[in-house]
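Have a look at the structure below before the remarks.
The values are calculated or read from the model by the stated rules, or taken from the named source; none is laboratory data. Here the structure is a predicted model, which is why all the values come from computation and not from measurement. Counting neighbours? That spans all protein chains shown, and the Cβs are built from the backbone with ideal geometry, glycine included. Remember, those area values only see protein heavy atoms, side chains included, never the ligands or the DNA or RNA. Shrake-Rupley method; radii C 1.70, N 1.55, O 1.52, S 1.80 Å.
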Amino acid sequence: MHNCVMTDNNTIMRKLITFIGFFLITLHIQAAFILLPMDNTQKNHLKAYGIAYYVLQQDVEVSWLLNYRGGSFMFMHHPSLESECTIRGVSYQIIADVQADAIILEIADPQSNTDAVKLQKAPRVAVYTPKSKLPWDDAVTLALTYAEIPYDVVYDEEVMGGILPMYDWLHLHHEDFTGQYGKFWYAYRNAAWYQQDVANTERTAANLGFSKVSDLKTAVAHKIREFTSGGGYLFAMCSAPDSYDVALATDHIDICDVMFDGDPADKNINENLNYDNCFAFYNFKVNTNPYEYEISNIDVTNTRKVSASNDFFTLFDFSAKWDPVPTMLTQNHEKVIKGFMGQTTAFNKSMVKPNVVLMGENKSAGEAKYIHGEFGKGTWTFYGGHDPEDYQHLVGDPPTDLNLFPNSPGYRLILNNVLFPAAKKKKQKT
């Protein structure tokens with residue numbers, strides 16, 4: 001009888017030790033963190049952004065470690081999150097809570113140009129693009145698809161229907177807000193895709209009560225302006241940035257020639273521009289020649305003297321603790337990035353408003369490549385060029401296969417902007 005009691009006690013003790021051990025292991029796992037390094041040790045930078053977005057979708061907070069190992073991400077460990085990193089081929093490290101605390105302590109050092117920003121909610125993303133197929137791709141939709149970040153496609157009907165307040169982030173790409181169809185008329189007026197695009201857009205304008213496409217596009221531009229003013233995050237590339245500001249500056253002027261809207265353009269256009277309406281640019285002139293593939297002299301494509309082998313732009317360094325917004329938008333593992341062309345390749349720096357934040361430039365050429373500013377309660381970011389991994393993307397060229405460029409520093413700038421709205425609002429220091 002005595003031996004039986006001893007055996008029972010030993011069994012209970014073994015079970016207790018096993019339970020305590022399991023509890024401690026579980027506690028350790030729960031207290032562990034996953035670190036996604038974003039320096040040159042990362043196998044797939046672009047998909048790492050998708051992991052950060054996925055973690056936010058699971059209602060797990062992400063720390064964006066600004067200027068720490070290329071702008072790394074850190075979040076609480078969970079087996080399902082670790083599994084997702086493995087499945088998507090993203091480099092990661094599992095670190096104990098004491099290691100995570102040490103990183104945060106290191107980042108908080110006043111002498112270090114680093115900081116940690118909390119990402120708390122997956123942004124709702126919309127891309128402004130026509131539903132019809134056009135003979136070019138959009139670098140942002142390529143990036144979002146490759147990173148596995150979901151987005152909705154919206155166009156004129158949805159914008160005029162008032163849908164934009166449903167979203168946090170809106171992207172504009174290869175678009176012409178002046179109603180001149182990208183000024184493709186001279187080279188492509190007989191192409192089936194061009195004729196179909198004109199027909200579709202004219203039909204949409206009529207259905208929405210506009211007599212001209214230019215009037216529709218102006219109204220859309222103002223809706224986007226309202227979205228930004230109300231707290232939205234606007235991102236634009238290629239022809240969208242300068243055509244958008246030109247549309248705002250000319251909202252009281254007919255700048256479309258007869259082949260675009262059936263009647264001649266107004267006279268003295270460039271004497272009547274309203275630069276106060278513009279987000280980024282001033283002192284520019286509209287190109288009124290319908291035979292030239294150019295909207296304004298904001299763009300430097302036709303005037304630059306930069307060869308492909310010599311085409312680079314440099315990212316600015318910002319104080320992570322004092323200027324967290326531009327710091328977030330410039331996180332990268334490279335500071336000098338190869339340039340790329342587009343319908344709008346880069347912006348004439350002399351025409352960028354003084355209050356605009358320059359984030360990337362080709363200083364010797366006088367070009368601003370990557371710029372940012374505030375409008376109302378929201379922000380906007382403009383990025384020159386069409387595709388960071390296709391130097392001179394031409395009409396009809398196949399889309400870029402991002403499987404070949406998983407560490408593209410040029411594409412990283414796009415994805416910085418996608419995650420930017422997830423950041424907890426931080427009061428700017430003055």
Quiz prompt | Whole-percent carbon and sulfur share, accessible surface of the chain, 1.4 Å | solution = 55
Quiz item: Any idea what diffusion coefficient segment 192-272 gets from Stokes-Einstein, in µm²/s, Kirkwood Rh on alpha carbon pairs, 25 °C, 0.890 mPa s?
Solution: 175
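Restricting things to Cα coordinates, could you compute the convex hull volume per residue of segment 287-430 in Å³?
146
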Quiz item: So what's the gap between the Cα centers of segment 336-374 and segment 376-411, to the nearest angstrom?
Solution: 15
Quiz item: Using unit Cβ charges (K, R positive; D, E negative) and no other charged atoms, how large, in debye to the nearest 20, is the dipole of the chain about its Cα centre?
Solution: 1100
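Taking only complete DSSP H runs, can you tell me which helices of the chain stretch 30 Å or more along their own long axis by Cα positions and average at least 0.0 on the Kyte-Doolittle scale?
2-31
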Practice problem: Compute the length gained on full extension between TRP322 and ALA192: take 0.36 nm times their separation in residues and subtract their Cα-Cα distance, giving the result in nm to one decimal. | Solution: 41.6 nm
Quiz prompt | Cα-based reach from LYS121 at 19 Å (exclusive), listing aspartates and glutamates while leaving out same-chain residues under 8 positions away | solution = ASP59, GLU61, GLU84, GLU148, ASP152, ASP168
Quiz item: Say R0 is 35 Å: what FRET efficiency, to the nearest 0.05, do ASN200 and SER309 get from their beta-carbon distance?
Solution: 0.30
Quiz prompt | As computed over segment 80-174, the Cα convex hull volume per residue (Å³) | solution = 174
Exercise. Scan around GLY360 for amide H atoms under 5 Å from its own, H built in the peptide plane at 1.01 Å from N, and keep only partners 5 or more places away or cross-chain.
Key: PHE316, LYS369, TYR370
Exercise. For ASP276 paired with HIS78, estimate the spin-label separation in nm (one decimal), with each label point 7 Å from Cα along the Cα-to-Cβ line.
Key: 5.1
Quiz item: When ligands, DNA and RNA are left out and all protein chains stay put, how many square angstrom of accessible area per residue does segment 328-376 have with a 1.4 Å probe?
Solution: 36
Quiz item: Which value, in Å², gives the accessible area per residue of segment 221-266 when a 1.4 Å probe is used on the protein heavy atoms?
Solution: 28
Quiz item: With each run of n ≥ 4 DSSP H residues scored as -39500 (n - 2.57), what mean residue ellipticity at 222 nm is computed for the chain after dividing by its residue count and rounding to the nearest 500 deg cm²/dmol?
Solution: -10500 deg cm²/dmol
Exercise. Using label points projected 7 Å from each Cα along Cα→Cβ, tell me how many nm separate LYS121 and ILE87, to one decimal.
Key: 2.6
Practice problem: Run the numbers on the chain and let me know its relative contact order in percent, using alpha-carbon pairs under 8 Å that are six or more apart. | Solution: 18
Quiz item: What is the dipole size for segment 204-343, taken about its Cα centre, with +1 at each Lys and Arg Cβ and -1 at each Asp and Glu Cβ, in debye to the nearest 20?
Solution: 480
Quiz item: How far is the Cα center of segment 36-83 from the Cα center of segment 268-335, in Å?
Solution: 31
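In this model, which of LYS131/LYS223; LYS349/LYS377; LYS267/LYS369 are farther than 29 Å apart at the alpha-carbon? The partial results should precede the final answer.
Working: LYS131/LYS223 19 Å; LYS349/LYS377 25 Å; LYS267/LYS369 32 Å.
Distance filter (> 29 Å) returns LYS267/LYS369.
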Exercise. Set Lys and Arg Cβ to +1 and Asp and Glu Cβ to -1, take the dipole of the chain about its Cα centre, and tell me which of VAL306, SER296, ILE414 lies farthest positive.
Key: ILE414
Self-check item: Simple Cβ-charge dipole of segment 281-430, Lys/Arg +1 and Asp/Glu -1, about Cα centre, in debye nearest 20
Solution: 1000
Quiz item: Residue by residue, what Karplus-based ³J(HN,Hα) values in Hz, rounded to whole numbers, does segment 291-304 have, using 6.51, -1.76 and 1.60 with θ = phi - 60° and x for Gly and Pro?
Solution: 8, 10, 7, 7, 8, 7, 8, 4, 6, 10, 3, 8, 10, 6
Self-check item: Among beta bridges that DSSP assigns inside the chain, antiparallel share in %, nearest 5
Solution: 70
Quiz item: When the C-alpha atoms of the chain are aligned to their principal axes, what extent does each axis show, in angstrom, from largest down?
Solution: 109, 47, 39
Quiz item: With the dipole of segment 164-267 worked out from charges on the C-beta (+1 for Lys and Arg, -1 for Asp and Glu) around the Cα centre, which of PRO264, LEU208, THR250 lies farthest toward the positive end?
Solution: LEU208
Quiz item: If the viscosity is 1.567 mPa s and the temperature 4 °C, what Stokes-Einstein diffusion coefficient in µm²/s follows for segment 238-355 when Rh is the Kirkwood radius over Cα pairs?
Solution: 79
